[in-house]
Amino acid sequence: MARYIGPKTKIARRFKDPIFGPDKSYEKRQTPPGQHGMSRKRSKPTEYAIQLGEKQKAKYTYGVLERQFYKTFEEAARKKGVTGENLMKFLEARLDNTVFRLGIAKTRSAARQLVSHRHITVNGKVVNISSYALKPGDVVGVREKSKTLETITDSLALSNNKKFNWVNWDGHSMTGTFVSFPERDQIPENIKEQLIVELYSK
């Protein structure tokens, strides 16, 4: 399963945003990566560089590599509505992202690992494909044998205050429902998706 496994703090510093979640190293040093940090004279980025940077930011945030990201974009472009908003909705509907939003995992990378290790079910059946696209009404749950896993119980204990309108969590049964695709203003990620659309439209 292809995924990014390189340095995360360095990437967060590049985008000036802790896109991989809480990061003590990032909090200590938020200057751009490189030996000279802010002291280096940096030229004004071109329009293409800004658009490319926004695409890279979205890819790193959701843990998606180029081929899969472009396939998601093509699907968003075919769908009725605003392409950029559709792209964000489809990224949010990924199984690993939904596991993260439900609070079953502390980060998207941890959610991806839970899915690939067969700890997660969709509509009662084990699904180990992180990119599995959920549809409204799908029920995501924790496999019966996995409900006592420390990593899951610890994450759920910390997620009580995190609520998202497009998913519902039932702590008693340890299942959550993907109610609907979120509206763009409900998605908290600081991504300018219109720049991605402009990049792919060149």
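How many times 2.2 N^0.38 Å is the alpha carbon radius of gyration of the range 112-197? Display every interim value, and only then the final one.
Working: Rg = 14.3 Å, N = 86, 2.2 N^0.38 = 12.0 Å.
That ratio works out to 1.20.
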**OP:** Could you please state, rounded to a whole Å, how far the C-alpha centre of the range 75-119 is from the C-alpha centre of the range 135-202?
**Re:** 7
Subject >> Net lengthening on full extension, ASP154/HIS172 (0.36 nm per residue, minus Cα-Cα) >> reply: 4.9 nm
Subject >> Amide H contacts of VAL179 (H built 1.01 Å from N, under 5 Å, at least 5 apart or other chain) >> reply: GLY137, VAL167, ASN168
**OP:** Would you please give the FRET efficiency between SER43 and LEU65, computed as 1/(1 + (r/R0)^6) with r the Cβ-Cβ distance and R0 = 35 Å, to the nearest 0.05?
**Re:** 0.75
**OP:** Can you tell me how much longer the chain between VAL126 and VAL82 gets when fully stretched, taken as 0.36 nm per residue apart minus their C-alpha distance, in nm with one decimal?
**Re:** 12.5 nm
**OP:** With unit charges on the beta carbon (Lys/Arg positive, Asp/Glu negative), name the residue among SER130, LEU158, PHE100 whose Cα is farthest towards the positive pole of the charge dipole of the range 94-180.
**Re:** SER130
Original post:
With each label point set 7 Å from Cα along the Cα-Cβ vector, what nm distance links LYS145 and SER180?
Top reply: 3.8
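Every read-out reported here was derived from the displayed coordinates using simple, explicitly stated rules and does not represent laboratory data. Keep in mind it's a predicted model, so treat the numbers as computed, not measured. So basically every Cβ, Gly included, is an ideal-geometry build from the backbone, and we count neighbours across all protein chains shown.
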